[in-house]
1. Do you know which residues across region 71-94 are open to solvent by less than 20 Å² (accessible area, probe 1.4 Å), assigned to a strand (DSSP E or B) and over 18 Å from Ser391 (Cβ atoms)?
2. Which one is nearest to Asn136 (Cα to Cα) among residues in region 151-169 that are hydroxyl-bearing (Ser, Thr, Tyr) and open to solvent by 10 Å² or more (accessible area, probe 1.4 Å)?
3. Specify the residue that is farthest from Tyr63 (Cα to Cα); the eligible residues are those in region 342-398 that are of a type in the set (Gly, Ala, Ser) and part of a loop (DSSP other than H, G, I, E, B).
4. Based on what the data block shows, is Val117 part of a strand (DSSP E or B), out of contact with any Cys (no Cβ under 8 Å at 6 or more places or on another chain) and of a type in the set (A, V, I, L, M, F, W, C)?
5. Give region 249-279 a look and list any residue that's modelled with pLDDT of 95 or more, over 17 Å from the mean Cα position of the chain (by Cα) and among the small types (Gly, Ala, Ser), or say none.
6. Of the residues that make up region 378-387, is at least one out of contact with any strand residue (DSSP E or B) (no Cβ under 6 Å at 6 or more places or on another chain) and on the phi > 0 side of the Ramachandran plot?
7. I'm trying to understand the selection: among the residues of region 65-124, which are among the small types (Gly, Ala, Ser) and out of contact with any Pro (no Cβ under 7 Å at 6 or more places or on another chain)?
8. Condition first: touching a Leu at 6+ places or on another chain (Cβ under 8 Å) and either assigned to a loop (DSSP other than H, G, I, E, B) or surrounded by fewer than 22 Cβ atoms within 10 Å (Cβ to Cβ) (or both). Now tell me which residues in region 213-222 satisfy that.
Amino acid sequence: MKNFIVLIFMIILISCSKQEVIIENIQFSFGENNVAPNLVSKEGNLTLSWISSEEDQEAVLYYSQFINENWKAPVRITSGSDWFVNWADFPANAINGDLILTSYLKKSASGTYTYDVVLNLETLSGEKIKENFLLNTDGVQAEHGFVSMIPTNEKGFFITWLDGRNTIEDTKDGHQKAMTIRFAEISDTGEILNESELDAATCDCCQTSIAMTNDGPIVVYRDRSKEELRDIYSTKYVDGKWKAPTPVHQDGWKINGCPVNGPKVVANSTNLAVAWFTAANDTPLVNISFSTSNGDTFNSPIQLNDLDAIGRVDVAFLNSTEVLVSYMEVDDIGTYLKVKKVSLDGKISEAFTVSEIDGGRNTGVPQLEIMKGEVFLVWTISIEGKNQLKSVRLDSKNI
């Protein structure tokens, strides 16, 4: 596979709220098929990971950093021919100092959803610290995935994931047990420490999210009750132990299946924001809720969508009191990727349409990050029948 990345720039002027907004479209072209983007920001830099493959060849995990106004040459992490590559369950990455931790999914048996989470830890200069090691060490051939990770305040990483080790064990009434959500720390040498179960019953395949509060890490996910209510819950690590999970808001969404539509949590000092999708009462909504107490309590949700919501949310702080939320919604004409600015006091901007977008699975989950006042969004598009990554950059002042 050729080791290069092509950037194509197109400047488009779009009228929004009586202002001219300049959107810079950056199209990544690398290999025949590029999917599963994950975009994160850390210390003034952006890091994008994705999976690239060519027909009848191995899947390859890459990352690239946006530094000094340019995407750097992609770095190859690892490759394999036995991976589980999925639009919703995409690899994660996190940066801590000169270390980068990445994940991918590897098949453990022939079942469709039978796979493990595999990690790689290396330096940004390319030194391999620990290669291709299992996160889930239960040895059970079941589903493990939907990973989220962040750097700790020291040298390691916090990581959370959905774990199906209990799903193959039938209960007395003949029903399978639910997926669980678990947490662990990864040291700067690749040791897996302090692993614990956070919740014994979660939604099967919604993305997880993790952020750092002033008290410690907080994990947000879609729960699953005995009555099949699938609302968004959070749990926080305080004084050496995890608090009991509590709802961010009791939507009361009863659904006998997984909507594959997870939440996103971000933190800025004591302020937190959680964005999520719900379809309680057959009304599809994109909501956001704020906390000014390190995530101990959350305010009543604010509805963001104007049309029928699809969800697939992301959120990032613009400053200490405002966030930008991205989400997908649909009308009779098409599907759109939109963003709105929301403040802690409940003020909401008009919706800004970033792009018309494919509403199917091939789009993946659009990624949003903000760096130095610039907004970056990345998602998957199709070009001549091949999946490629598209990135849009715009000035947050004009939204």
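1. Answer for region 71-94, where residues must be open to solvent by less than 20 Å² (accessible area, probe 1.4 Å), assigned to a strand (DSSP E or B) and over 18 Å from Ser391 (Cβ atoms): Ile77, Thr78, Gly80, Ala94.
2. First, the residues of region 151-169 that are hydroxyl-bearing (Ser, Thr, Tyr): 152, 160, 167.
Within this subset, residues satisfying the condition of being open to solvent by 10 Å² or more (accessible area, probe 1.4 Å) are 152, 167.
On the way: Thr152: 20, Thr167: 14 Å.
Looking at the filtered set, the residue picked out is Thr167.
3. For region 342-398, the residue satisfying everything is Gly346.
4. yes
5. Scanning region 249-279 gives Gly252, Ala279.
6. For region 378-387, residues out of contact with any strand residue (DSSP E or B) (no Cβ under 6 Å at 6 or more places or on another chain) and on the phi > 0 side of the Ramachandran plot: present.
7. First, the residues of region 65-124 that are among the small types (Gly, Ala, Ser): 73, 79-81, 88, 92, 94, 97, 103, 108-111.
Hits for region 65-124 are Ala73, Ser79, Gly80, Ser81, Ala88, Ala92, Gly97, Ser108, Ala109, Ser110, Gly111.
8. Thr213
The values are calculated or read from the model by the stated rules, or taken from the named source; none is laboratory data. Computed from a prediction, not measured in an experiment: that's the story for all the values here. Cβ coordinates were reconstructed from backbone atoms using ideal geometry, including for glycine residues, and neighbour counts include every protein chain displayed. Just so you know, the surface numbers come from the protein's heavy atoms only, side chains and all, with ligands and any DNA or RNA stripped out. Shrake-Rupley method; radii C 1.70, N 1.55, O 1.52, S 1.80 Å.
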